[in-house]
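Please read the structure below before turning to the comments.
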Amino acid sequence: LVRASDPEDVDYVIDQLSSMYGKNANIVSPTSILRTVQSIISSFTFFLAVVAAVSLLVAGIGIANTMIMSVMERVREIGVLRAIGMTKRDIMIVFLSEASLTGMIGGILGIGLGVALSYGVSFMTSSLFHVEPSSTSSAMSGFGSIPYEPTITPLLLLQTFFFAILIGMVSGIYPARRAASLDPVVALRTEQ
């Protein structure tokens, strides 16, 4: 165990030790550990971003599919609404509202699950990585549990909630336009 007198001397000490011992010694420094951890975290962040993007795509397709099926099942109802005076814009608003509601429900469920999982992981890491200080092991003395506390702010929750509604609305645009473009006469003749 070698301790440098100044943090700026760490790289110099590593170079000196490497030249002295060559490949006979494995030299590990806090900066190399930090670089390794940062590399792992950036890879993990990229992986999570890909998973999140795929999840958003699947959610959007699911909402759009649900809304298309809703339009197909309610063709006659749409024809009646158009016949009693609702405009294409009114029909679009009805279906966009339903898509937004679907996104809102998904957002509420997602926020609840996300908060629960965050605190669950926090609890698990604090209990799994807890190291009891012991006088026999000087290398591990002074270490306690690894702290992990999720940072969940009201602003983050609001942004997530409104983003879920936005995903619902964007996914509902095509089905809403399809419902609004139905010819009322043809829609009224449709058998269900």
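The values are calculated or read from the model by the stated rules, or taken from the named source; none is laboratory data. Given the structure is predicted, the values throughout are model-derived calculations rather than measurements. Areas reflect the complete protein model, heavy atoms only, side chains present, ligands, DNA and RNA absent. Shrake-Rupley method; radii C 1.70, N 1.55, O 1.52, S 1.80 Å.
Assorted remarks:
- Of [x] 202; [y] 118; [z] 99, the label for volume of the Cα convex hull per residue in Å³ derived from the coordinates: [x]
- Cα long-axis angle, helix 154-180 against the chain (0 to 90 degrees, to the nearest 10): 30
- Element breakdown for the chain at a 1.4 angstrom probe: carbon and sulfur atoms account for 68% of the accessible area.
- Accessible heavy-atom area order of Asp9, Asp15, highest first, probe of 1.4 Å: Asp15, Asp9
- For the range 1-91, the pair-distance distribution built from all alpha carbon pairs, in bins 10 Å wide starting at 0, is 13, 20, 14, 12, 10, 9, 8, 10, 5, 0 percent.
- Inter-part distance where the range 13-84 and the range 149-192 are each reduced to a Cα centre, Å: 24
- Accessible area per residue was computed with a 1.4 Å probe on protein heavy atoms; Ser18 scores about 50 Å².
- Annotation: amide H-H contacts under 5 Å for Tyr148 (H modelled 1.01 Å from N, sequence separation of 5 or more, or interchain): none.
- For Ile152, solvent-accessible area (1.4 Å; no DNA, RNA or ligand), Å²: 50
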